[in-house]
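The values are calculated or read from the model by the stated rules, or taken from the named source; none is laboratory data. This structure is a prediction, so every number in the text was calculated from the model and none was measured. Counting neighbours? That spans all protein chains shown, and the Cβs are built from the backbone with ideal geometry, glycine included.
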């Protein structure tokens with residue numbers, strides 16, 4: 001259990017030529033972490049993208065907020 005950390009994870013299926021921003025960009029643009037800020041915990045944003053064609057992980061990104 002991680003009492004001093006918060007993990008926000010976005011899974012996204014991407015199609016060739018139809019990508020509308022990365023999973024990490026979506027976490028930021030929708031401000032998913034907003035309600036956790038100021039709580040004295042480290043916040044980690046994690047974006048995992050899957051290729052619809054390959055049926056596999058295409059991209060993995062993370063950052064500390």
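Within the range 48-65, can you find the residues that are assigned to a loop (DSSP other than H, G, I, E, B) and under 20 Å from residue 28 (Cα atoms)?
Step one: of the range 48-65, the residues assigned to a loop (DSSP other than H, G, I, E, B) are 52-55, 65.
Within the range 48-65, just 65 meets the criteria.
In the list 43, 9, 14, which residue meets the criterion of being surrounded by 12 or more Cβ atoms within 10 Å (Cβ to Cβ), out of contact with any helix residue (DSSP H, G or I) (no Cβ under 8 Å at 6 or more places or on another chain) and modelled with pLDDT of 95 or more?
Details: 43 fails: out of contact with any helix residue (DSSP H, G or I) (no Cβ under 8 Å at 6 or more places or on another chain); 14 fails: modelled with pLDDT of 95 or more.
Being surrounded by 12 or more Cβ atoms within 10 Å (Cβ to Cβ), out of contact with any helix residue (DSSP H, G or I) (no Cβ under 8 Å at 6 or more places or on another chain) and modelled with pLDDT of 95 or more holds for just one of 43, 9, 14, which is 9.
Applying the selection to the range 25-39, what residues are within 23 Å of residue 3 (Cα to Cα) and either part of a strand (DSSP E or B) or in contact (Cβ under 8 Å) with a residue 12 or more places away in the chain (or both)?
Narrowing the range 25-39 to residues within 23 Å of residue 3 (Cα to Cα): 27-28, 31-39.
Listed by number, the residues that qualify are 27, 28, 32, 33, 36, 37, 39.
Restricting the first residue to the range 46-65 and requiring it to be over 12 Å from residue 22 (Cβ atoms), which pairs with a second residue that is surrounded by fewer than 11 Cβ atoms within 10 Å (Cβ to Cβ) meet a Cβ separation below 6 Å and a spacing of at least six or different chains?
52/15
As an exercise: evaluate residue 31 against (1) under 16 Å from residue 63 (Cβ atoms); (2) touching a strand residue (DSSP E or B) at 6+ places or on another chain (Cβ under 9 Å); (3) surrounded by fewer than 16 Cβ atoms within 10 Å (Cβ to Cβ) and give the number of the one condition it does not meet.
Exception for residue 31: condition (2).
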